[in-house]
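All of the numbers you see were taken from the coordinates with simple rules; none came from a lab. In this text the structure is predicted, and so the values were computed from the model without any measurement. Ideal geometry is used to build each Cβ from the backbone, glycine not excepted, and the neighbour counts take in all protein chains shown.
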2 protein chains.
Amino acid sequence: MASDLVLYNYWRSSSAYRVRIALNLKGLRYETRAIHLTRDGGEQHSPAYAALNPQELVPTLIDGGLVLTQSPAILEYLEETHPQPPLLPADPAGRARVRALSQAVACDIHPIGNLRVLQAIGKEFGASDEQKAAWMRHWVSIGLRALEIMLANSKHTGHYCHGNTPGMADVCLVPQVYNARRWKVPLGDYPTILRIDAACAALQAFHDATPEQQPDAQPPPSA
Amino acid sequence: MASDLVLYNYWRSSSAYRVRIALNLKGLRYETRAIHLTRDGGEQHSPAYAALNPQELVPTLIDGGLVLTQSPAILEYLEETHPQPPLLPADPAGRARVRALSQAVACDIHPIGNLRVLQAIGKEFGASDEQKAAWMRHWVSIGLRALEIMLANSKHTGHYCHGNTPGMADVCLVPQVYNARRWKVPLGDYPTILRIDAACAALQAFHDATPEQQPDAQPPPSA
């Protein structure tokens, strides 16, 4: 039987990765449709996809007749429509903390290193591949340094970003750490982040959401 | 009597502007502390402020003993702790729409044109002031074009972004339109956005939150 939930997905998109983890943590079955971000000038720019998502970005989640965009909004929607297990704590102060940690990734790290920004610094300023990688490492490092302080200095940090159950902040952090490794960002200064990332990696919901587990994943180039 | 709410603020920060509008819409009194983003290398980098906000960004909202960062998280916190008047609709589908519109600004337009990114393209790639302005106009235009489609094509758009009462999406949109005007982005192709912006401008809560109304506002350079 077809699932009501369909995720327009790209294996290496951090935003799509967040939604995959959340769907898995909630125990929700979903189908995927691959949107290849660089093939044919970017399948996200096709008229059919742009009609679903005028921003021409992944992910888009279809829930029956509803079209949902923006991964943080999708996470909140899943939390409201499928409250168990919760991705946010019950108290407003805790919820604010988890959302702030999530947005420190989603608003302040991820957007500046997005594919389209890397393409733009190449086109506008002639940035080389090495300069693009340095740009990525700069912003990811600044962001992770702040997150490490926010996590290490709080009594609310537990096995995961907030307490001892995985939640929205972990859902956002883990894809960002994956991305940091991809761009070879040194991570030794962020022991709390690495500890939480390892705790998440041990969970099936996180494992099944990894880029390499997606049907559209591409094998690494052979050595 | 001192207010329990203290906003670390910069008059021209879009993120602080969002929080000011929301506080005003909720009828909440607050004190401000000015954090000048360019004076003395940026007051947001001072040790005292960094201790409050490890990301060294404005705004930070203090509510009694609680330190709140990230403007979208602050908006959600205000909504949960002061539900009236609501900034989000009651239904999950509507809430997802309003959050997606908000994040189309907060995650996909604002971060790429933030002060620190403009400083970085100047430092890393030697971008001139004109190139910085072109960079801003590029990303703001792409973002507003998508928002115009999202707003113009939806039956849920009313006098405001969602229905006939101002909410979270308007709180995010209006500062972005202010920013677009500052950078001289042509706005003629976005009639729905301009109509909503004008409707908001007529409200006292929005007027009182404008950059020019802030105690730390600087007068325009004389001609």
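From the alpha carbon gyration tensor of the range B:64-112, can you work out the equivalent ellipsoid semi-axes (sqrt of 5 times each eigenvalue) and give them in Å, largest to smallest?
Equivalent ellipsoid of the range B:64-112: 19, 18, 6 Å, largest first.
Picking from A:L7, A:Q131, A:Q44, whose Cα lies most toward the positive end of the charge dipole for chain A (charges on Cβ: Lys, Arg +1; Asp, Glu -1)?
A:Q131
Sort shortest first the distances from B:G158 to its counterpart in every other copy, using label points 7 Å along the Cα-to-beta-carbon line, and give them in nm.
Label point to label point, same position, other copies: 4.1 nm.
What's the extension gain from A:E31 to A:A50 if we count 0.36 nm per residue and subtract their Cα-Cα distance?
Length gained, A:E31 through A:A50: 4.9 nm.
Could you work out the local net charge near A:N24, counting Lys and Arg as +1, Asp and Glu as -1, over the other residues with Cβ closer than 13 Å to its Cβ?
Counting the neighbours of A:N24, the net charge comes to +2.
Along Cα-to-Cβ, 7 Å out, sits the label point; list in nm, shortest first, how far the one on A:A90 is from those in the other copies.
2.4
For chain A, with a Gaussian network of springs between Cα atoms less than 10 Å apart, report the residue from A:D208, A:D40, A:D63 with the top mean-square fluctuation.
Of the options given, A:D40 has the highest mean-square fluctuation.
In nm, to one decimal, how far is the modelled label at B:A134 from the one at A:E80, with both set 7 Å along Cα→Cβ?
4.2
Express the C-alpha Rg of chain B as a ratio against the empirical globular expectation 2.2 N^0.38 Å, rounded to two decimals. Write out the running numbers ahead of the final one.
Values: Rg = 17.2 Å, N = 223, 2.2 N^0.38 = 17.2 Å.
Cα-based Rg divided by the globular estimate yields 1.00.
Cα convex hull of the range A:92-208: mean projected area in nm², to one decimal?
Reported value for the Cα convex hull: 7.5 nm².
Might you report the magnitude of the Cβ-based charge dipole of chain A about its Cα centre, with Lys and Arg at +1 and Asp and Glu at -1, to the nearest 20 debye?
Its charge dipole is roughly 460 debye.
If I histogram all Cα-Cα distances within the range A:10-66 using bins 10 Å wide from 0, what percent of pairs lands in each bin?
22, 53, 23, 2
Have a look at A:T38, A:T210, A:T165 and tell me which one the Gaussian network model of chain A (Cα, springs below 10 Å) gives the largest fluctuation.
In the Gaussian network model the winner is A:T38.
Quick one: A:R12, A:R33, fewest Cβ neighbours within 10 Å first, how do they rank? Walk me through the numbers before you get to the answer.
Values: A:R12 19, A:R33 16.
Least to most surrounded, the residues fall as A:R33, A:R12.
Quick one: if you stick a label point 7 Å off each Cα along the C-beta vector at B:D4 and A:F125, how many nm between them?
4.5
Of A:H82, A:H45, how do they rank once you tally other Cβ atoms within 10 Å and put the fewest first?
Ascending number of Cβ neighbours within 10 Å: A:H45, A:H82.
One decimal, nm, shortest first: give the distances between the label point of A:H207 and those of the same position in the other copies, each label point 7 Å from Cα along Cα→Cβ.
6.2
Note down the magnitude of the dipole of the range B:92-208 about its Cα centre, charges +1 on Lys and Arg C-beta and -1 on Asp and Glu C-beta and zero elsewhere, to the nearest 20 debye.
Taking the Cα centre of the range B:92-208 as origin, the dipole is about 160 debye.
Return the distance in nm (one decimal) between the two label points of a simple spin-label model at B:R39 and A:R39, each offset 7 Å from Cα along Cα→Cβ.
5.5
Run the helix sum for the protein assembly as shown: -39,500 (n - 2.57) per DSSP H stretch of 4+ residues, divided by residue count, reported at 222 nm to the nearest 500 deg cm²/dmol.
Calculated at 222 nm, the ellipticity per residue is -15500 deg cm²/dmol.
With just the Cα atoms defining each centre, how far is the range A:59-78 from the range B:43-94? Give it in Å.
23
Residue by residue, what Karplus-based ³J(HN,Hα) values in Hz, rounded to whole numbers, does the range B:119-136 have, using 6.51, -1.76 and 1.60 with θ = phi - 60° and x for Gly and Pro?
These are the phi-based 3J(HN,Hα) values: 4, 5, 5, x, 6, 7, 10, x, 4, 6, 4, 5, 5, 5, 5, 5, 4, 4 Hz.
Dipole of the protein assembly as shown, Cα-centred, from +1 at each Lys and Arg C-beta and -1 at each Asp and Glu C-beta, to the nearest 20 debye?
That gives a dipole near 360 debye.
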